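One structure below.
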Amino acid sequence: MSHQSALIETDIEAYLDAQENKSFLRFLTCGSVDDGKSTLIGRLLYDSKLIFEDQLMALEADSKRLGTQGDDFDFALLVDGLAAEREQGITIDVAYRFFSTDKRKFIVADTPGHEQYTRNMATGASTADVAIILVDARKSILTQTRRHSYIASLLGIRHVIVAINKMDLVDYSEDRFNEIEQAYREFAAQLTFSTIKCIPVSALKGTNITVPSPAETPWYDGPALLQELETIEVDGEAEGEAFRFPVQWVNRPNLDFRGFSGTVAGGVIKVGDEIIALPSASRSRVARIVTATGDLEAAQTGQSVTLTLEDEIDISRGDIICGGQAPALISDQFVAHMLWMHEDEMLPGRQYYMKIHNKLVSASVSELKHKVNVNTLAQQAGKTLELNEVGVCNISLDQTIAYDPYVENRDTGSFVLIDRRSNETVGVGMLDFSLRRAQNVVWQELKVDKETRAVQKHQKPAVLWFTGLSGSGKSTIANLVEQKLYDRGRHTYTLDGDNVRHGLNKDLGFTDVDRVENIRRVGEASKLMVDAGLIVLVSFISPFISERRLARRLVEKNEFIEIFVNTSLELCEQRDPKGLYKKARAGEIKNFTGIDSDYEAPEAAELEIKTDELSAEEAADQIIAYLEKEGYLSAS
């Protein structure tokens, strides 16, 4: 890069040392569409000569080729290049750019302004120290301004620079600047920013970008944008952090070496320091701090190292090594803020994967407490989250994890939710605190267990889960199977979809949210009955693969038998025993499976019953034969 420094000629080693030890700042630019983000970045790079030499040479070559000279033309070419990247979709995700001045190194995240790409703005904000929020001086504070500000605050950014852009289009009006600054500060007073700096700029003209422009804004006596970026203090905020080291890899190349590799996510560790590994709570001391270039005496936030310990203790990938006197918290139920990032809505009760530091666990949103209106920051009631909505949720995991509240450590308190089928990231969240009941509720061991109850009944407990469209014959076949099992002296119980909705689930409707909760409750009830040693027959449409998988995971392996009653929609409509299809086609019933609500057929059911080929009696006999073959009806 192009730097002007007298040290280059007089003391090259001192110059190189100064460059090596410069502080480092990550910032993002965000704002509404056409607020001037690409122009601002282009001006920062061009005016301060911070662009690569080959870029400068290319600009000069283009200007000579076209017979045009001058800085304005070169700058226009650079901005056009940035705009072309956006048109090609590069900044639809996030475009990261590195540059450096004689005072500091920078990485800028150029994030898109479109509302539908708010999730990408959150990606850039997740690692940034400072947010530059652009505001068009002609338009003032917009919804997207508020949304980006709220997300920046939510994701832990404590310093904001409000670049009030296009001041040249309002004649550099001091009154207009003051009006926008006051409006922004009134809104941001509800957020958690430590500093807010408002700067009047014209990215196109270069006003107050790299140096102050008193000729255009004589009423403004603050720093230029680049000067503020070079001097803003953020490093001290990490001082005093407790040591956190999420284990990324257990490294054991031979029997004489066992190390734990990862990146320090907080604090400092030294050789000889006591540590505690969570969630196992095993303790030891640091024997070595290993790197590719040799051992260190200490490691700090951001360094990638391998720790070896004095003792062999229980540590796995995803565990957190903490300072011995400042352990992280552990829990399996949390309250968290979450930004939803997918076109498919968030459904409470649905199972997702949660990726937190280096650990992957199963998670579900047990309750949406409220949504947040990004314009007013008011709480709003709701059952689900749509794309780009923010809410406060209760989250339940299938195992205990170590964590810190997000406000204390962004690395160990943040997570993403992943769809179990597509592996797409659907949400990003920040852990607030553990639900108290997660620490107070302890499993009570009982003398009479599931195995004892099953032996008494001379059978293997299981869930026979009948799934298929309405009218497919699920209930008829399940009823016949139970009669045959009863005749053999087996102990059973049937949970039928219609019957359960008269009691346990009478408060639920037929929206996707309610269907998910319907199956969750039935799955939990089935689990209890299996624990009682029963063969449970569950006859539910259960249209979603995710919820049937949830029910399967609630019981042990080989205790869940999925029976797909495969009947075509045409045949079900012909039967229509309850007249429901006719009503659905007439629009009298909403969210009816197969008509205006999807049914996801099983991908690998244990049994598939084709009712266009078998009678209900033959289907029941086939299921009984399967149970006999697999040993479910034999005495234990």
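Just check segment 492-619 against the gyration tensor rule for me: Cα atoms, a ≥ b ≥ c as the square roots of the eigenvalues, rounded for a/c under 1.5, and otherwise prolate or oblate depending on whether a/b exceeds b/c.
oblate
Just to check I understand the Karplus step: with θ = phi - 60° and J = 6.51 cos²θ - 1.76 cosθ + 1.60, what whole-Hz values come out for segment 624-632, glycine and proline as x?
4, 4, 5, 4, 5, 4, 8, x, 6
Compute the Rg to Rh ratio over the chain from the alpha carbon atoms, using the Kirkwood formula for Rh, and round to two decimal places.
Ratio of gyration radius to Kirkwood radius: 1.07.
Show me, for segment 579-596, the HN-Hα J-couplings you get by feeding each phi into the Karplus relation (A = 6.51, B = -1.76, C = 1.60, θ = phi - 60°), rounded to Hz, glycine and proline as x.
Those phi angles translate into x, 6, 5, 4, 5, 5, 5, 7, x, 7, 10, 9, 6, 8, 4, x, 10, 10 Hz.
By how many nm would the segment from ASP612 to LYS582 grow when fully extended, if each residue of separation counts as 0.36 nm and the alpha-carbon distance is taken off?
Extra length available between ASP612 and LYS582 comes to 8.7 nm.
To the nearest Å, what is the center-to-center distance of segment 254-312 and segment 536-550, using C-alpha atoms only?
For segment 254-312 versus segment 536-550, the Cα centre distance is 46 Å.
Report the label-to-label distance for GLU186 and GLU600 in nanometres (one decimal), using points 7 Å from each Cα along the Cα→Cβ vector.
That separation, rounded to one decimal, is 4.7 nm.
Let me check against my output: what whole-number percent is the relative contact order of segment 373-432, with C-alpha pairs under 8 Å and at least 6 apart?
Value for segment 373-432: 22 percent.
With θ set to phi - 60°, apply the Karplus curve 6.51 cos²θ - 1.76 cosθ + 1.60 along segment 181-196 and write out the HN-Hα couplings as whole Hz, x wherever there is a Gly or Pro.
Karplus values, whole Hz, x for Gly and Pro: 4, 4, 5, 5, 5, 5, 5, 6, 4, 7, 9, 10, 6, 7, 9, 10.
So if we plug the beta-carbon distance of SER140 and ALA326 into 1/(1 + (r/R0)^6) with R0 = 51 Å, what FRET efficiency do we get, rounded to 0.05?
Working from the Cβ atoms, E equals 0.65.
Multiply the residue gap between GLN399 and LEU569 by 0.36 nm, knock off their C-alpha separation, and tell me the result in nm, one decimal place.
Stretched fully, the GLN399-LEU569 segment lengthens by 57.2 nm.
Could you state the angle between the C-alpha long axis of helix 545-554 and the longest principal axis of the C-alpha atoms of the chain, as a value from 0 to 90 degrees rounded to the nearest 10?
70
Quick one: work out Rg over Rh on the C-alpha atoms of segment 141-290, Rh as Kirkwood radius.
Result for segment 141-290 is an Rg/Rh of 1.21.
Got a sec? How would CYS393, CYS198 order by Cβ neighbour count within 10 Å, fewest to most?
Final ranking by Cβ density, sparse to dense: CYS198, CYS393.
Of ALA95, THR192, GLY468, which is farthest towards the positive pole of the chain's charge dipole, taken about the Cα centre with +1 and -1 on the beta-carbons of Lys, Arg and Asp, Glu respectively?
So the residue we want is GLY468.
Can you put VAL268, VAL130 in order, fewest other beta carbons within 10 Å first?
Taking fewest neighbouring Cβ atoms as first place, the list is VAL268, VAL130.
Pull out the extension gain between LYS506 and SER362, defined as 0.36 nm times the separation in residues minus the alpha carbon to alpha carbon distance; nm, one decimal.
Extra length from LYS506 to SER362 when fully extended: 49.0 nm.
Taking 25 °C and 0.890 mPa s as the conditions, I'd like the Stokes-Einstein D for segment 329-438 in µm²/s, using the Kirkwood hydrodynamic radius from alpha carbon pairs.
Estimated via Stokes-Einstein, D reaches 179 µm²/s.
Please arrange CYS30, CYS322 by how many other C-beta atoms lie within 10 Å of their C-beta, fewest to most.
Least crowded to most crowded, the residues run CYS322, CYS30.
Dipole size in debye (nearest 20) for segment 492-553 around its Cα centre, Lys and Arg Cβ +1, Asp and Glu Cβ -1?
The calculation lands at about 220 debye.
Using alpha-carbon pairs under 8 Å, 6+ residues apart, how would you state the relative contact order of the chain in percent?
Taking the mean separation of contacting Cα pairs over the length of the chain, I get 9 percent.
Any chance you could check the Cα centroid distance between segment 585-636 and segment 375-414 for me, in angstrom?
If you average the Cα positions of each part, the centres end up 38 Å apart.
Grab the beta carbon distance between ASN591 and LYS270, set R0 = 56 Å, and tell me the FRET efficiency rounded to 0.05.
Efficiency at R0 = 56 Å is approximately 0.40.
What size of dipole, in debye to the nearest 20, comes out for segment 454-530 about its Cα centre when the only charges are +1 on Lys and Arg C-beta atoms and -1 on Asp and Glu C-beta atoms?
I would put it at about 380 debye.
Just how large is the dipole of segment 561-604 about the Cα centre, in debye to the nearest 20, putting +1 at every Lys and Arg Cβ and -1 at every Asp and Glu Cβ?
360
Going down the list LYS359/LYS474; LYS369/LYS506; LYS369/LYS590, which pairs span over 30 Å between their C-alpha atoms?
LYS359/LYS474
Which cross-chain or sequence-distant (5 or more) residues have an amide H under 5 Å from the amide H of LEU495, H modelled 1.01 Å from N in plane?
The list, which skips near neighbours in sequence, is LEU537, VAL538, SER539.
What is the Cα radius of gyration of segment 321-371 over 2.2 N^0.38 Å, N being its residue count?
That works out to 1.42 for segment 321-371.
Any read-out appearing in this document is the output of simple, stated calculations on the displayed coordinates, not a laboratory observation. What you are looking at is a predicted structure, and each value in this text was computed from that prediction instead of being measured. Note: ideal-geometry Cβ built from the backbone for every residue, glycine included; neighbour counts use all protein chains shown.
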